[in-house]
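The values are calculated or read from the model by the stated rules, or taken from the named source; none is laboratory data. This is a predicted model, so every value here is computed, not measured. A quick note on method: Cβ atoms are made from the backbone with ideal geometry, for glycine too, and the neighbour counts reach across all protein chains shown.
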């Protein structure tokens, strides 16, 4: 979610697609949080398994692909404090205060929201993963092995119900893809990267169809880690890596799509505040009787409209923030 120059159109398109998928993925969760029965939309959201296996690793992959890790540590740290750490704190405060003001109805709900509201785990995880990668990549050998072992550490801690302080478990499970992304950047400068993306995309589709037909699990790492055993970790590595190549291929084929380009340039703001707009639109829809026993077509339309309005509202908010000087701290432009 970091804004880098020169920009690569296909990367912005990929980010735009993925943030839209993220908003869609959160639809059933936020429906349930707002007290709406989600059984009626299960057929609409069931296909999200196709992108859940890769869309959070892909953000790390893209960060590794686009970022420079050659800066001195102090400069690198300051840069990421500006771009990730400080915006995370500010957006958490904004989310919790506005949610408490507009979406809480009792004193207990207000207190709970202020103390345990939005956490924006992804920004914390990406921040610490980047610092980790800055150091690990400088080791003379064994970087890949370290990241593979870290995945096991993150999954083991999750299985053991160890407190996920500062989302270190997510960081351990996802940091590998900073490494993979950076290696792919090096590869793309010397070889035909589109050929690699094409092969990866074909293998991803084939693997997903095979797992579906055989009723085999598809391990997932997002804000939670969904795995049945340690045996699924290699499957996670492979599926997530192939999925990253898949989404990059798709974005390279439609890289002139301005809608996704524009959205992709503002993923930080859209991610950070989409929960607020979601809650607003869901409350409006619920109060007007849009949820209940309806046809599949009606429920699908409501789902699409709310998701689209949420992304659009986040995008417009980002445009406003970019034009207000004192809001520069929210997007790391200082």
Would a scan of segment 322-332 turn up a residue that is at positive phi and within 19 Å of the chain's Cα centre (by Cα)?
-> yes
How many residues of segment 205-223 are surrounded by fewer than 21 Cβ atoms within 10 Å (Cβ to Cβ), in contact (Cβ under 8 Å) with a residue 24 or more places away in the chain and in a loop (DSSP other than H, G, I, E, B)? The answer is 3
Residues being in a helix (DSSP H, G or I) and within 24 Å of residue 265 (Cβ to Cβ) - total across segment 62-88 | 18
Taking the stated definitions as given, is residue 240 in contact with a helix residue (DSSP H, G or I) (Cβ under 9 Å, 6 or more places away or on another chain) and without any contact (Cβ under 8 Å) to a residue 12 or more places away in the chain?
-> no
Okay, helices (runs of 4 or more DSSP H) sitting entirely in segment 246-334 with 3 or more residues that are free of Cβ contacts under 8 Å to residues at least 24 places away in the same chain, I get 267-287, 296-322
Which numbered condition residue 55 fails, given (1) at pLDDT below 95; (2) surrounded by fewer than 22 Cβ atoms within 10 Å (Cβ to Cβ) | (2)
Would you say residue 245 is buried (at least 16 other Cβ atoms within 10 Å of the Cβ) and either closer than 30 Å to residue 149 by Cβ or touching a helix residue (DSSP H, G or I) at 6+ places or on another chain (Cβ under 9 Å) (or both)?
-> yes
Residues that are surrounded by 16 or more Cβ atoms within 10 Å (Cβ to Cβ), free of Cβ contacts under 8 Å to residues at least 60 places away in the same chain, touching a helix residue (DSSP H, G or I) at 6+ places or on another chain (Cβ under 8 Å) and part of a helix (DSSP H, G or I), drawn from segment 89-121 = 96, 100, 110, 113
In segment 97-122, how many residues are under 24 Å from residue 169 (Cα atoms) and within 22 Å of the chain's Cα centre (by Cα)?
-> 7
